[in-house]
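Working notes, structure below.
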Amino acid sequence: MILTDKRILEEMAKGTIKIVPYNREDLGSNSYDVHLGSTLAKYVDAELDAKKHNKIECFEIPEEGYVLHPHEFYLGVTAEYTETHAHVPFLEGKSSTGRLGIDIHATAGKGDVGFCGNWTLEISVKQPVRVYKGMPIGQLIYFPVDGEIEVKYNEKGNAKYSHQPNMPVESMMWKNKF
């Protein structure tokens with residue numbers, strides 16, 4: 001089951017879903033449109049190491065936009081800060097984004113109950129495409145959970161991505177033990 005627009009509004013009124021900034025025009029019949037923030041990032045090193053803290057360089061998207069290129073990997077961020085305390089949020093690309101050949105997540109489209117922060121986007125493109133800060137980039141959909149949650153994501157001591165800022169966040173795989 002996916003929450004409808006009315007249910008999303010009810011949950012926002014209860015405080016179980018928070019979206020800042022919120023614009024009623026971005027609420028669809030069963031999703032909420034999110035926008036590309038003003039910052040993109042690229043990894044510094046050409047070869048990444050899963051056991052190493054791989055550094056990123058952040059840069060602002062200029063007013064005239066920024067051209068993304070195939071075979072390059074970008075991290076972006078949503079302009080919206082969200083909190084989800086009783087539902088599972090999923091971030092999906094908009095069809096208009098996909099029709100430009102833009103993928104907004106490599107694998108991490110699902111959030112956890114208790115996620116609080118801006119969403120880091122894992123962006124790749126099929127051909128060169130110019131993007132702009134504030135452009136619609138994706139949509140959040142919310143699923144109810146069945147049963148009580150023992151520990152929400154924002155309450156976990158080892159939550160690597162809790163309270164993400166409005167800047168792209170690099171992989172924290174290196175914090176895992178393997």
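Please sort 85-91, 73-79 by packing, taking for each peptide the average over its residues of neighbouring beta carbons within 10 angstrom, highest first.
The peptides rank, most packed first, as 73-79, 85-91.
With 10 angstrom as the radius, rank TRP174, TRP119 by how many other C-beta atoms surround their C-beta, starting from the fewest.
TRP174, TRP119
For mean projected area of the Cα convex hull in nm², several values are listed as [x] 9.5; [y] 11.0; [z] 19.3; flag the one computed from this structure.
[y]
Just from its helices, what would the mean residue ellipticity at 222 nm be for the chain, if runs of 4 or more DSSP H residues each count -39500 (n - 2.57) and the sum is divided by every residue, rounded to the nearest 500 deg cm²/dmol?
Estimated from H runs of four or more residues: -2000 deg cm²/dmol.
Could you work out the local net charge near HIS105, counting Lys and Arg as +1, Asp and Glu as -1, over the other residues with Cβ closer than 12 Å to its Cβ?
Residues near HIS105 contribute -2 overall.
Please report the relative contact order for region 1-142, taking Cα pairs under 8 Å with a sequence separation of at least 6, and give it as a percent rounded to a whole number.
So the answer I get is 34 percent.
Taking neighbour Cβ counts within 10 Å as the exposure measure, how do ASP146, ASP45 sort from fewest upward?
ASP146, ASP45
What is the order of GLU83, GLU72, fewest Cβ neighbours within 10 Å to most?
Ordered by Cβ neighbours within 10 Å, fewest first: GLU72, GLU83.
At 25 °C and 0.890 mPa s, grab the translational diffusion coefficient of region 1-103 from Stokes-Einstein with a Kirkwood Rh over Cα pairs, rounded to a whole number in µm² per second.
152
How far is the Cα center of region 8-42 from the Cα center of region 142-178, in Å?
With region 8-42 and region 142-178 each reduced to a Cα centre, they are spaced 19 Å.
If the only charges are +1 at each Lys and Arg Cβ and -1 at each Asp and Glu Cβ, what is the size of the charge dipole of the chain around the Cα centre, to the nearest 20 debye?
220
Quick note: the coordinates plus some simple rules give every number you see, no bench work behind them. Given the structure is predicted, the values throughout are model-derived calculations rather than measurements. Cβ coordinates were reconstructed from backbone atoms using ideal geometry, including for glycine residues, and neighbour counts include every protein chain displayed.
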